[in-house]
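FYI, it's all coordinate maths here, none of it is from the lab. Please read all numbers here as calculations on a predicted model, not as lab measurements. So basically every Cβ, Gly included, is an ideal-geometry build from the backbone, and we count neighbours across all protein chains shown.
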Amino acid sequence: MLVNGQTSDSIPANDRGLAYGDGLFETIRIAAGRLLFAEAHLERLSHGAAVLGIPCDHAAIRGWMETALAQAPAEGVLKLVLTRGPGGRGYRPPEAAQPTCVISCHPLPELPATLLERGGQAFLCRQRLAHQGVLAGIKHLNRLEQVLASQEFATHHEAFEGLMLDQENRVVEGTRSNLFMVLDGRWQTPALTRCGIRGILRQHLLEHFGGRLEEADIPLARLHEAEELFVANSVFGVVPLTRLELDGKVLECAIGPFTQAAMARFREVLGA
C-alpha cells in the first residue's frame, strides 16, 4: 500500500477521512496490466475534490498510481482514497490542508460464467438514498447508506445486487453499480441529480450509445414494466438481471439487444 507515494500500512489517527469521511475514492479495474478508464477516474476524482475543496495534485497521484500498478498483478483492482488529511477536533477544515492519498491493490472479484450467460437476481432494498444535490454524482467516502443496504443481502443469499430508491420512490442505482433498463423500447438509466454515483462505465455507455441511451427520472412503478435490466460498474462490467424480487412478486427480464450491446462494448474495452 502506498500513502502519499511511500510504502506504508498506516495513516494518522486524526485524518479527516477517518473522522468525518472527508474525502473521495476511486475503484479502478486492472486489465492486462493497464488501468481501465484511468483518465476518466482521475477526472471524476478531480471534480469531486473541487466540490469538497480538497487540493488534488493530479500529476502526483497519476505517478503514484503507476508505481502501484508496476507492483500489481496483471488482473485486479486498484483502490485510491483521497482525504483532506490530518485535522483537529471539529468539522471546520484546516486552512492549509495536507491531503492524504492511499493507493492499494486487490484481487479481481470472480464472477461465475453462468452469471453473464443466464443473468443474475436482484432485490429491492428497504434502505433509501437521501437527497443531497451538492454531493450527487461524486464518489465521496460517506457510504453508510450502501453499508446498511448491503446488510440486506443476509436475507437475499442468491442475489447479485440490491436496487436502491430515493425518498420519493424513484429508482436510483444498485448498492455498488448503476442501473440500466428498457422501457417502452427506450434505453434508459436513472438520472442522478439528487443522489447516486455517476459511474465511470455509466458515463462511457452514455457517450458510446449517444442519443439511444437517455437519463430519466424513473418511478418505482415503471420498474414493473421493464423489458430489460442490467447493472454495470467499471470493475465487474455489465451483468444482466433476469430475475427481480419486487413488491412480493418476481419480475423476469430477457437478455435483450440493449444488454447484449452493452456487454459487447465492455468486452471491446477490456480487449483494447
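Just a few scattered comments:
- Distance (nanometres) between label positions extended 7 Å along Cα→Cβ at ASP9 and LEU183: 4.9 nm
- 10 Å beta-carbon shell around HIS224, net charge (K/R +1, D/E -1): 0
- The distance from the alpha carbon centre of the stretch 207-231 to that of the stretch 121-175 is 17 Å, rounded to a whole number.
- Along the axis of the charge dipole computed for the chain (Cβ charges of +1 for Lys and Arg, -1 for Asp and Glu, origin at the Cα centre), the listed residues THR259, LEU229, ILE54 are led at the positive end by ILE54.
- The stretch 1-69 - charge dipole about Cα centre, Lys and Arg +1 at Cβ, Asp and Glu -1, debye rounded to 20: 160 debye
- Couplings 3J(HN,Hα) for the stretch 40-57, derived from phi with the Karplus relation 6.51 cos²θ - 1.76 cosθ + 1.60 (θ = phi - 60°), are 5, 5, 5, 5, 5, 4, 5, 4, x, 5, 5, 4, 7, x, 9, x, 9, 8 Hz, where x marks Gly and Pro.
- For the chain, a Gaussian network of Cα nodes joined below 10 Å ranks PRO112, PRO12, PRO240 by mean-square fluctuation, and the top entry is PRO112.
- Given their separation in residues at 0.36 nm each and the Cα-Cα distance between them, ARG34 and ALA70 gain 12.0 nm when the chain is fully extended.
- Shape class of the stretch 113-271 from the Cα gyration tensor (axes a ≥ b ≥ c, square roots of the eigenvalues): rounded, since a/c falls below 1.5.
- Positive minus negative residues near VAL51 (Lys, Arg vs Asp, Glu; Cβ under 14 Å): +2
- Of all the options ALA32, ALA122, ALA59, the one that moves most in a Gaussian network model of the chain with Cα springs shorter than 10 angstrom is ALA59.
- Over the stretch 149-245, Cα pairs under 8 Å with separation of 6+ residues give a relative contact order of 28 percent.
- Positive end of the dipole of the chain (Cβ unit charges, origin at the Cα centre): among LEU111, LEU69, MET181, the Cα lying farthest that way belongs to LEU69.
- For the chain, the 222 nm mean residue ellipticity estimated from helices alone, with every DSSP H stretch of n ≥ 4 adding -39500 (n - 2.57) and the total spread over all residues, rounds to -8000 deg cm²/dmol.
- FRET efficiency estimate (nearest 0.05) - Cβ-Cβ, GLU268 to HIS224, R0 30 angstrom: 0.40
- Cα pair distances of the chain binned at 5 Å [whole percent]: 1, 6, 12, 16, 18, 17, 13, 9, 5, 3, 1
- Relative contact order of the stretch 2-106, taken over Cα pairs closer than 8 Å and 6 or more residues apart, is 39 percent.
- With a Förster radius of 22 Å applied to the beta-carbon distance between HIS106 and ALA59, the computed FRET efficiency rounds to 0.35.
- Magnitude of the charge dipole for the stretch 125-272, about its Cα centre and with charges confined to Cβ atoms of Lys, Arg (+1) and Asp, Glu (-1), is about 420 debye.
- Between the Cα long axis of helix 257-271 and the first principal axis of the chain there is an angle of about 30°, rounded to the nearest 10.
- Positive-end extreme of charge dipole, the stretch 2-106 - chosen from ILE11, ALA31, LEU42 (charges on Cβ): ILE11
- Cα-based helix-to-principal-axis angle, 200-209 vs the chain, degrees rounded to 10: 50 degrees
- In terms of its C-alpha gyration tensor, the stretch 165-250 has a rounded overall shape, because the principal axis ratio a/c (a ≥ b ≥ c, square roots of the eigenvalues) stays below 1.5.
- Of GLY87, GLY210, GLY21, the residue with the greatest mean-square motion in the GNM of the chain, using alpha carbon springs below 10 Å, is GLY210.
- Unit charges on C-beta of K, R, D, E only; dipole of the chain, Debye: 460 debye
- Here's how it looks for GLY85: its modeled amide H is under 5 Å from those of ARG16, GLY17, THR100, which are all 5 or more places away or on a different chain.
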